Amino acid sequence: NLFQTSFKKIGVDAASKLGLEMGTAASENYAKSFIDRATKFNKKITEALSLDPDLMMNYQAVFAQMANSMNLTTETAMNISESFTMLGNDIASLWNIDTDTAMKKLQAGLAGQIRPLRELGIDISKTSLEMYALKYGIKDSVEHMSQAAKVQLRWLAIMEQTEVAFGDMAKTIQSPANQI
């Protein structure tokens, strides 16, 4: 239910921004397309890595819901949901921690909590985020940014600092730790 509800809300919000009237067939079809996209992603990742589809759906939905509640655009919410769901598994694999712990660290980081990610060597402090902002040509102070802008900076920082983990689950799926 969390999965269906979260992605339907993202789709309804997107349809409303396009001017599609709520309750119309066009609006419902547009909302359904987000559920379908999320379902396809879930099927692809769970089959490729032999993961529990229900568990991955929950993580995927939580990331989507968090991003959506922080006023990110529809596409950004979908991208965060997909990338963090994959990244959580890769972090779990590389750092030899359980998937739930990795996902909770990413959720905390997305919300701006520094400590859980710092334990993995990932820095999302204000100073670090200001450096990322400058790197991408953003001159505003992090203090004066909207919540959505801060979340996007955190996402960029986390993704860049975890490049070493990308694909680790797939590369090491046959290892005893990942098999367990």
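Overview of values
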read-out: Chain lengthening between Asp140 and Ile114 when straightened (0.36 nm per residue, less Cα-Cα); value: 7.3 nm
read-out: Dipole magnitude of region 1-147, debye to nearest 20 (Cβ charges: Lys/Arg +1, Asp/Glu -1, about Cα centre); value: 140
read-out: Cross-link partners of Lys9 among aspartates and glutamates (Cα-Cα below 15 Å; sequence separation of 8 or more within a chain); value: Glu21, Glu28, Asp36, Glu75
read-out: Cα-Cα over 20 Å, subset of Lys105/Lys150; Lys44/Lys104; Lys17/Lys104; Lys104/Lys135; Lys105/Lys139; value: Lys44/Lys104; Lys17/Lys104; Lys104/Lys135; Lys105/Lys139
read-out: Solvent-accessible area per residue, Å², over the chain with all protein chains present [probe radius 1.4 Å]; value: 52
read-out: Fraction of the pair-distance distribution of region 3-59 above 17 Å, Cα-Cα pairs, percent; value: 41
read-out: Chain lengthening between Leu49 and Lys17 when straightened (0.36 nm per residue, less Cα-Cα); value: 8.0 nm
read-out: Rounded if a/c under 1.5, otherwise prolate or oblate - region 81-143, Cα gyration tensor axes; value: prolate
read-out: Efficiency of FRET between Thr5 and Thr172 - r from beta-carbon atoms, R0 25 angstrom, step 0.05; value: 0.15
read-out: Carbon and sulfur %, accessible surface of region 1-144 computed with the full protein complex present, 1.4 Å; value: 54
read-out: Anisotropy class of region 53-96 from Cα gyration tensor, a/c 1.5 cut; value: prolate
read-out: Loop-located GluC sites (Glu not before Pro) in region 98-180, at most 15 other Cβ atoms within 10 Å (DSSP); value: Glu119
read-out: Value of [θ]222 nm, deg cm²/dmol, for the chain, DSSP H segments ≥ 4, -39500 (n - 2.57) each, nearest 500; value: -22500 deg cm²/dmol
read-out: Under the span-like rule (Cα at least 15 Å along the axis, Kyte-Doolittle mean at least -1.0), DSSP H helices of the chain; value: 2-17, 25-49, 53-69, 74-95, 99-110, 147-161
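The values are calculated or read from the model by the stated rules, or taken from the named source; none is laboratory data. Quick caveat: nothing in here was measured; it's all calculated off a predicted structure. No Cβ is skipped: glycine too gets one built from the backbone with ideal geometry, and neighbour counts run over all protein chains shown. Note: areas computed on protein heavy atoms with side chains; ligands, DNA, RNA excluded. Shrake-Rupley method; radii C 1.70, N 1.55, O 1.52, S 1.80 Å.
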